[in-house]
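S.K.: One structure follows; several queries about it will come next.
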Amino acid sequence: MKRFIAGAVCPKCGEMDCIKAETDPVNGVMKRECVSCGYQDEMITSSLDEIDTRVTPKPQKPVVEAQVIRLIDPSESETKSE
């Protein structure tokens, strides 16, 4: 499905809001076309990583199980051994 890209400026004619784009998920290619001058180009999108934003989900920290720790008072061990 072709969609217009809001705010995009054509690199050939300089018109704003005239670029429509269509992404082919199988090939990982985005085809762009200017409806004013007919300019066309293709971009490979399969290798692009998502840009981090304030709404990008953070990776979850692994859950670590709690371990019981036994504290030993050194003064108690000396009195018991006597």
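Computed from the coordinates by the stated procedures, all read-outs in this text should not be read as laboratory data. Worth saying up front: this structure is predicted, and the values here are computed from it rather than measured. No Cβ is skipped: glycine too gets one built from the backbone with ideal geometry, and neighbour counts run over all protein chains shown.
S.K.: For C34, what charge total do you get from the other residues with a beta carbon under 11 Å from its beta carbon, if Lys and Arg give +1 and Asp and Glu give -1? Could you put the intermediate results ahead of the total?
M.R.: Values: positive: K12, K20, R32; negative: E15, D17, E33, D41.
Here the count lands on -1.
S.K.: Let me ask something additional. Can you compute 3J(HN,Hα) from phi for each residue in the range 15-23, using the Karplus curve 6.51 cos²θ - 1.76 cosθ + 1.60 with θ = phi - 60°, rounded to whole Hz and x for Gly and Pro?
M.R.: 5, 9, 6, 10, 9, 10, 10, 9, 9
S.K.: Also, quick follow-up: Could you pull out every residue, at least 5 positions away or on a different chain, whose amide H is within less than 5 Å of the one on E15? Hs are placed 1.01 Å off N in the peptide plane, and Pro or chain starts have none.
M.R.: C10
S.K.: If the reach is capped at under 24 angstrom between alpha carbons, list the lysines near K2, excluding any in the same chain fewer than eight residues apart.
M.R.: Counting by Cα, and skipping residues close in sequence, K2 has these lysines nearby: K12, K20, K31.
S.K.: If you check each cysteine of the chain for another cysteine whose beta-carbon is under 4.7 Å away, which ones come up empty?
M.R.: By the Cβ distance rule, which asks for a partner under 4.7 Å, the isolated cysteines are C18.
S.K.: What are the ³J(HN,Hα) couplings of the range 29-37, residue after residue, when phi is run through the Karplus curve with 6.51, -1.76, 1.60 and θ = phi - 60°? Round to Hz, x for glycine and proline.
M.R.: Couplings: 10, 10, 9, 10, 8, 8, 7, 7, 10 Hz.
S.K.: Considering the chain as a Gaussian network with a 10 Å cut-off on Cα pairs, which listed residue, I19, I69, I44, attains the greatest mean-square fluctuation?
M.R.: I69
S.K.: Moving on. Specify which labelled value, from [x] 43, 30, 17; [y] 36, 25, 18; [z] 98, 26, 17, agrees with Cα extents along the principal axes in Å derived from the coordinates of the model shown.
M.R.: For Cα extents along the principal axes in Å, the calculated option is [z].
S.K.: Could you tell me which trypsin sites (Lys or Arg not before Pro) in the range 6-39 are loop residues by DSSP with no more than 15 other beta carbons within 10 angstrom of their beta carbon? Intermediate values should be presented prior to the final figure.
M.R.: Details: sites: K12, K20, K31, R32; in loops: K12.
Answer in residue order: K12.
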